[in-house]
Amino acid sequence: MNELEEVARQFEADLLEFGAARAEELRIKYLSKKGIISKLIEKIPTLPPDQRRDFGKRLNELKSRIEASIKQLAEAQSDRVSFEVKLLDNDLTLEGKRPPVGNKHVLFKARDELFEIFKHMGFSFFDGPELETDFYNFEALNFPPYHPARDMQDTLMVGDMVLRTHSSAMQVRALQALGVPLKAILPGRVYRREEVSARKYPVFYQFDALVVGEGIGVGHLKWTLETFLSAFFKKKVEVRFRPSYFPFVEPGNEVDVRCVFCGGKGCNVCGGTGWLEILGAGLVHPKVLEYGGVDPKRFSGFAFGVGVDRMTMLKYGINDIRLLYEGDVRFLSSL
Amino acid sequence: MRFAYSQLSRFWKEAVSWEQVKAYLEKHLEVEVENEIALDVAPSVKLLRVETEDGKHVAKDENTTIPIQTCTLEEGCYVAVDLGAGDIPTARQLGLEELFAADEPIVFKDANCVPLKEYLGLPDTLVKLSVLPNRGDLSHVFGLAREVALGLGLTLAEPHVSLDVPKGNGRVSISTEGCLVYVGLLLEDVRVTESPDWLKLELAKYGQRSINNVVDLTNYFLFTYGQPMHAFDFDKLQGQRVVVRQARSNESIITLGGEEAHLDENCMVIADEFRPVAVAGVIGGKESATTPETKRVLLEVACFAPPYVATSSRRLGIRTDASMLFERGVSPAGQTLMGLMFGEMAQKMGMGTPVALWIAGSEQSSKRVMFDIDRVSKLSSLPTQVFFEMVQKRGWNIEGSEVVIPSYRWDVNLDDDLADELVKYVGYDAVPSLPLTEYVGFSETPTLAKERRLRELSSQYFQEVFLVSLLSDRDVELQKLTEVVAVDNPVSMELAFLRPNLRSTLIKAALLNQNRFKENIHIFEIGSVFVPDGNGVREERHIGFLAKGLYWESALDRETWTYRHFKGLLENIFTSYGVSLEWENHQLPWAEGNYGGVVKYGGFVLGEVGIVKSQICQAYDLKGTVFFAEFNLAVLPHEVNKQPQWPLKYPYSWRDFSIVMPVSEPVSSLSILFEGEALVREWTVVDIYHGEKIGNGYKSVTVRAYMGEDERTVTSDEVDIAARRIIERIKDAGWHLRS
């Protein structure tokens, strides 16, 4: 009995000492014809008959255990060899095997940040066609055919349709579709009759914010602008209004924010003025409300238009609008 | 508009700095200061008289003269001399090239020997302003001065006149709604000459060149008082009378520009007894214009209504300073005063003698605007008393529910306009910020919702781009696009057509990247495409994907995109979106050979997938294989209810079947093998083999069918029975098992 236990202990020790590299030597020592196990088997007939059966059984168990251990050791050895053949793969300094990765356009990253803010403020989202009727793009926005403000627009025409020149073209559509009270963002592509340059582009992306309800006034416009601009630039921004004129708002104004880069001291981004021109805004003209089926005596509202490209360029310090719209992947994937 | 600050400030009794005025303008009025140029010269620059007959010397003092080297001047005129440097500088050298011919000395005919600084009233500032088109009343110096005086509490020097001439009517008349007032001033003994120095200087400050005394004086009134005027040669007016009327359709006129303009009833004209002699408010006629021989002038001082002038101007494609001002709104009062002022100045200048003044229509100095004080207060977010304070400060009157305001305020007609006026009056800083408190339920247009979902999913694998949706004539030709919508008035042929699909512009983006040494790209765009549809145009919102170059980009693993790589990513996107799509092999006009297919959702065609034809790529010199897919968002559902997949409680068994079938048959046709097999939970292709053992034209497809039950472990007997049925079906389908 003790002999078997002795062999088992001896094997454990040898297993550690010989290791995987010498698995074959270990096999010879224990399992070959002249190995330790064979010698023990030869010993069985010499034992007293009442011990043979039990000894044989335990010897078999020991043999199986040793065989299994040596087999495992041999397999580990061959795995290790093939592993080391593929040695290259364990060099972490080598570049990884990367599946194709995508990225949202920086314009839409900025847009979606803005949308998130407006969503929290309770705004809905509404869109309309790019190829628009003259009615929604001009007439319903209080641009009569002879109106001098039409000179400010340079419009691409397709038959009796126009490629919408501003996201405001969706204002009357939204009023007609959603009714009042209304708080909505109207996003989309707009077109101008322009050649491509660093500052001008024939196609760009903007949205209108439109709020109509009872008792809405300039103060609500001011609060909304301050709130969303502060949230977007992640600091409390100072807003400045300059009187301006668009036929579809009255009062109308241009809105500047105190330059978020230099704090108003004057820098490259704000052109030294300390102010960033951000957007045009105003109270919805009663004619527009009427076209939208809303009683201007009871309801009033405000609207403002945000150039998403302008906001993106400000936020990411991009100075050439072409980078946004030409599709250069090296540039776009970096942001 | 451009002017010198002194031209503005002379209308105020008090002295105010330009900085103060500018701050007020920008904050309270629809005016933008575009540019300002400071004007000043050294006191040592003095005007000296050309004393010698040869015109080559000026007298410095009684004893000395300074020679003029650059030119010859008339004796008796005055030239600016720099006594410090002892030479005669050019206007540019003095920094006055905005006012005088840049490379010539500054010369006056009737001046004194005074410092130039004093003569020109320097220092001064040249100001360039842009006024928004609703404020005709601010588009001239007097109007600006009037408004600033109201705002800053200054005393305005109102224009006045001492001259009086006999007034009458009959020589001028109005027969159109488009003319409110028409005043005609008759001048006799007219002498058309060069303008005096002061008038030239006035116009130079306005940025205008001098033409002759008559024209210059009318321009002076245009830019100073915002009153366009026109001088007819009275003796060339047949019947010696004029009428304001709409033109007749067969009439025409030779304009001052020398071109013949064909008129119609949309054009408002001034006509003599027989023919149009001017396009009202836009441009005069050549035949009735003043010439150096003119002896009698009929001066027109009128107010034409904005839409009428705008319509004529657009109809003829002619824009002038006068037409632009009329479009913005000229005061419907003051025509008589302006006519008389012109007469008085003409008389002083020796230009002619005013003898008669004819008036048609009537001047209206005020107008009434209905108002609702509560609405004005709500719109402006300001208390009502501020409105009454403004009314009082402005000198307006309230009569019942109406406020009486000056007629030159064409822009004020509604409560909203009064609210605008009120907000400008107090300044936006004084308006309180009021939070939006009303709850409005959330909604999102389905297209926007779909775009949002697709953008999130697609941008995991593809770089999003945003491209110009316009194509060039060359693109249309190279891509053989037959169904395209043309823009009627393209800015150039580069941007002349609307894209009929996203492929047309994504290919261009691939080329741009290739030209910038970026060969490996995988991009997508969401945008509108435009397809001719009967007589109209159908706009569809699409998503397009393009991949090209390497799928595994790392140098060690370089592996180009394959059909299945591309489809795999699309499957990921749409599976995450929550829809399962049907993919069918299908030849496509734009796709290479058999590398094309249509994708369906719910039986409707969602889009197309394929490899772009090499002819198209070659036409653009686009290298490599270009994988492309485009889908119509309208076909996708906007809300998808995903079904949860509960954790698997009992293991599935599986069986492999190697089926020999013709190469041309799509593997999707194997689905018939498993139809109705409740035990088969999913099946997948694990191997495809082509080779001699199978025979030409055949492939061996090994499919693995997973079988199981939700509530128990399946037995091998059940699996065997199902497998036998499947093998029967293989035979029924005309295929056989690979032995």
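The values are calculated or read from the model by the stated rules, or taken from the named source; none is laboratory data. Not measured: the values here are computed from a predicted model. When we count neighbours, we look across all protein chains shown, and the Cβ atoms used for this are built from the backbone with ideal geometry, even at glycine.
Quick notes on this one:
Residue by residue, here is whether (1) crowded, with 21+ Cβ neighbours inside 10 Å; (2) assigned to a helix (DSSP H, G or I) holds:
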position	(1), (2)
A:92	no, no
A:109	no, yes
A:114	yes, yes
A:117	no, yes
A:127	yes, no
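- Of all residues making up segment B:668-683, the number that are surrounded by fewer than 19 Cβ atoms within 10 Å (Cβ to Cβ) and over 17 Å from residue B:584 (Cα atoms): 6
- Note on segment B:303-321: residues that are of a type in the set (Gly, Ala, Ser) and at the interface with chain A (Cβ under 9 Å from one of its Cβ atoms) amount to 2.
- Total residues in segment A:193-203 satisfying the condition of being more than 9 Å from chain B (Cβ to nearest Cβ), under 17 Å from residue B:494 (Cα atoms) and not small (Gly, Ala, Ser): the figure is 1.
- Looking across segment B:494-507, the residues that are among the hydrophobic types (A, V, I, L, M, F, W, C) and either surrounded by fewer than 19 Cβ atoms within 10 Å (Cβ to Cβ) or more than 9 Å from every other protein chain (Cβ to nearest Cβ) (or both) come down to B:496, B:497, B:502, B:507.
- Whichever residue in segment A:229-240 is within 31 Å of the chain's Cα centre (by Cα) and within 11 Å of chain B (Cβ to nearest Cβ) and, among such residues, is farthest from residue A:296 (Cα to Cα): A:238
- Scanning segment A:215-226 for residues that are modelled with pLDDT under 95 and more than 8 Å from every other protein chain (Cβ to nearest Cβ) yields a total of 1.
- Those residues of segment B:494-528 which are in a helix (DSSP H, G or I) and among the β-branched types (Val, Ile, Thr), in sequence order: B:505, B:507
- Listed conditions (1) surrounded by 24 or more Cβ atoms within 10 Å (Cβ to Cβ); (2) more than 9 Å from chain B (Cβ to nearest Cβ); (3) part of a strand (DSSP E or B) are all met by residue A:190, apart from (1).
- Of the candidates B:322, B:305, the single residue that is within 39 Å of the chain's Cα centre (by Cα), surrounded by fewer than 24 Cβ atoms within 10 Å (Cβ to Cβ), over 23 Å from residue B:162 (Cβ atoms) and aliphatic (A, V, I, L, M) is B:305.
- Residue ID - nearest to residue B:43 (Cα to Cα), chosen from residues in segment B:98-136 that are of a type outside the set (A, V, I, L, M, F, W, C) and free of Cβ contacts under 8 Å to residues at least 60 places away in the same chain: B:118
- Strands (runs of 3 or more DSSP E) completely within segment A:238-302 that count 1 or more residues being more than 30 Å from residue B:372 (Cα to Cα): A:249-258, A:275-284
To keep it simple, each residue is scored yes or no on (1) touching a residue at least 60 places away in the same chain (Cβ under 8 Å); (2) buried (at least 16 other Cβ atoms within 10 Å of the Cβ); (3) over 25 Å from residue A:131 (Cβ atoms); (4) more than 38 Å from the chain's Cα centre (by Cα).
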site	(1), (2), (3), (4)
B:509	no, yes, no, no
B:515	no, no, yes, no
B:525	yes, yes, no, no
B:528	no, yes, no, no
B:532	no, no, no, no
B:536	no, no, no, no
B:543	yes, yes, no, no
B:562	no, no, yes, yes
B:575	no, no, yes, yes
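- Strands (runs of 3 or more DSSP E) completely within segment B:529-640 that count 2 or more residues being assigned by TED's automatic domain parsing to the domain that holds residue B:668, farther than 27 Å from residue B:669 by Cβ and modelled with pLDDT under 95: none
- Whichever residue in segment A:159-183 is at negative phi and assigned to a loop (DSSP other than H, G, I, E, B) and, among such residues, is nearest to the other protein chains (Cβ to nearest Cβ): A:181
To keep it simple, each residue is scored yes or no on (1) of a type outside the set (A, V, I, L, M); (2) touching a residue at least 60 places away in the same chain (Cβ under 8 Å); (3) assigned by TED's automatic domain parsing to the domain that holds residue A:142.
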| site | (1), (2), (3) |
| --- | --- |
| A:222 | yes, no, yes |
| A:263 | yes, no, yes |
| A:269 | no, no, yes |
| A:322 | yes, yes, yes |
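- Among the conditions (1) farther than 29 Å from residue B:272 by Cα; (2) in contact (Cβ under 8 Å) with a residue 60 or more places away in the chain; (3) of a type outside the set (Val, Ile, Thr), residue B:217 misses just one, which is (1).
- So residue B:467, is it crowded, with 18+ Cβ neighbours inside 10 Å and at the interface with chain A (Cβ under 10 Å from one of its Cβ atoms): yes
- Flag for residue A:243 being surrounded by 21 or more Cβ atoms within 10 Å (Cβ to Cβ), modelled with pLDDT of 90 or more and either facing chain B (nearest Cβ under 9 Å) or at positive phi (or both): no
- Condition met for residue B:419 (surrounded by 20 or more Cβ atoms within 10 Å (Cβ to Cβ), within 28 Å of the chain's Cα centre (by Cα) and either more than 17 Å from residue B:228 (Cα to Cα) or small (Gly, Ala, Ser) (or both)): yes
- Taken over segment B:13-47, the criterion of being under 27 Å from residue B:412 (Cα atoms), surrounded by fewer than 18 Cβ atoms within 10 Å (Cβ to Cβ) and away from chain A (no Cβ under 14 Å) is satisfied by B:20 alone.
- When residue B:424 is tested against the conditions (1) facing chain A (nearest Cβ under 7 Å); (2) surrounded by fewer than 17 Cβ atoms within 10 Å (Cβ to Cβ), the lone failure is (2).
- Looking only at residues of segment A:250-264 that are surrounded by 23 or more Cβ atoms within 10 Å (Cβ to Cβ) and within 24 Å of residue A:119 (Cβ to Cβ), we find that the one that is farthest from the other protein chains (Cβ to nearest Cβ) is A:257.
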